[in-house]
Amino acid sequence: MSTTALPIHTSQREDILDVLRGLALFGILLNNIYGFSGFGNLQDEARQKFSTFPLDEGLNFFQVMLVEGKFYSLFSLLFGIGFSIIMIRNEKKGINIFKIFYRRLTVLLLIGAVHIYFLWEGDILVLYALIGFLLPLYKNCSNTTLLTWAIVLILSPIAIDLVKLWLQKGPGDFIIPIAEAIDSRNGIIGEEWRTYLYKANSDWNEWRTYQNTAFMYRFSSLLNNNRIPKVLGMFLIGLYVGKNMIYANLQQYRPLLKKIMIWGFIIGLPFSFLMAVFEGDDKQVYKSWWGMADTISYALGVVPLSLAYAASICLFWVKTKASDKLRKFAPIGRMALTN
């Protein structure tokens, strides 16, 4: 019996996971083009000067409704499945899974730290690595416990923001100053980005000046929008999927996948539509009860629609007997970190 952890051989890979990972990356790219292009940092007056402004606004609405949040959620789900694969395969070999997993996470954390500091403040690797350190705590949980924790974590932003609002309206008055400081800082970051964007001959040093400021506020933003429990919740759903080998027995789980697809669309589409509507307003949760609409629509829209996408792809995969059309995404998914 081998006691050394080795890379997974091509014959051991589940193509559907690589396809899902490739599609998740494509969706994440679509979501981030809004920022990469600089359009997201332009002021309304500048945006309206584009001849494509009405089309841009319409496309952004549908991007928020159908893309935003859904694909990082899918990617998070796959991260949890990946942990289950590491756990199951190495336990069978008698290998210490904690040593392997924590070593991988440490490398991921270092790569993410370089990425967020030198290249782009929108990095997600640091967050994945830090939250990933918690996954082994759930290794021996039952299916019911995993799903219960996942649902509680995914819906927890509603309770968290209600507490924020109650503290602001009730015994405390410290939420608004903190949140406004974050908003003000993000506004300054946006202005610095516009300055960099509009300058014809911006160089590396000017980019670093901007990035030195921006990356520090990535974490405050992640905390402010309750990203940590959302990601951990999807990790746990992925761990459930992996422990039960659902990805390897899609035909057997077709009835479950159909239920997830149907209910995911029934719940996810209306709330994702509302999410796109409310994102365009200026009502903030720490200032009014109406601001809770953002939190509620996000919590009830993003994950159901993300799961509906995943289930639909898996059902299409089974129906078409591993469609060649979908396989085109597999190489991207196999090199997720590089891409």
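Worth pointing out:
- Breaking point among (1) open to solvent by less than 20 Å² (accessible area, probe 1.4 Å); (2) under 18 Å from the mean Cα position of the chain (by Cα); (3) farther than 20 Å from F83 by Cβ, for L300: (1)
- Conditions (1) in contact (Cβ under 8 Å) with a residue 40 or more places away in the chain; (2) polar (S, T, N, Q); (3) closer than 30 Å to N212 by Cα; number of the one not met by N143: (3)
- When each of T106, T144, T148 is tested for being within 23 Å of N339 (Cα to Cα) and either hydroxyl-bearing (S, T, Y) or modelled with pLDDT of 95 or more (or both), the lone residue that passes is T106.
For (1) open to solvent by less than 60 Å² (accessible area, probe 1.4 Å); (2) under 29 Å from V64 (Cβ atoms), each residue gets a yes or a no:
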{"position": "N244", "(1), (2)": "yes, no"}
{"position": "M261", "(1), (2)": "yes, yes"}
{"position": "F273", "(1), (2)": "no, yes"}
{"position": "V277", "(1), (2)": "no, yes"}
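- Of all the criteria given as (1) open to solvent by 10 Å² or more (accessible area, probe 1.4 Å); (2) closer than 19 Å to M335 by Cβ; (3) not hydrophobic (A, V, I, L, M, F, W, C), the one not satisfied by K139 is (2).
- Test result for F75, of a type in the set (A, V, I, L, M, F, W, C) and at pLDDT below 90: no
- If you go through the stretch 46-89 and pick out every residue that is in a helix (DSSP H, G or I) and under 30 Å from N140 (Cα atoms), you end up with 20.
- Pair list, Cβ under 9 Å, 6 or more apart: the stretch 305-333 residue in contact (Cβ under 8 Å) with a residue 40 or more places away in the chain and hydroxyl-bearing (S, T, Y), other residue surrounded by 18 or more Cβ atoms within 10 Å (Cβ to Cβ) and not in a helix (DSSP H, G or I): S306/G69
- Some residue of the stretch 312-321 being exposed (fewer than 15 other Cβ atoms within 10 Å of the Cβ), part of a loop (DSSP other than H, G, I, E, B) and on the phi > 0 side of the Ramachandran plot: yes
- Of the residues L59, L66, L55, the single one that is open to solvent by 40 Å² or more (accessible area, probe 1.4 Å) and either more than 23 Å from the chain's Cα centre (by Cα) or at positive phi (or both) is L55.
- Across the stretch 322-339, the qualifying residues are those that are open to solvent by 50 Å² or more (accessible area, probe 1.4 Å) and touching a Phe, Trp or Tyr at 6+ places or on another chain (Cβ under 8 Å), and the one among them that is farthest from R227 (Cα to Cα) is F329.
The values are calculated or read from the model by the stated rules, or taken from the named source; none is laboratory data. It should be emphasised that the depicted structure is a prediction, and the values quoted were computed from it without experimental measurement. Heads up, the Cβs are rebuilt from the backbone with ideal geometry, glycines too, and the neighbour counts pull from every protein chain shown. We work out accessible area using only protein heavy atoms, side chains counted, and drop any ligands, DNA or RNA first. Shrake-Rupley method; radii C 1.70, N 1.55, O 1.52, S 1.80 Å.
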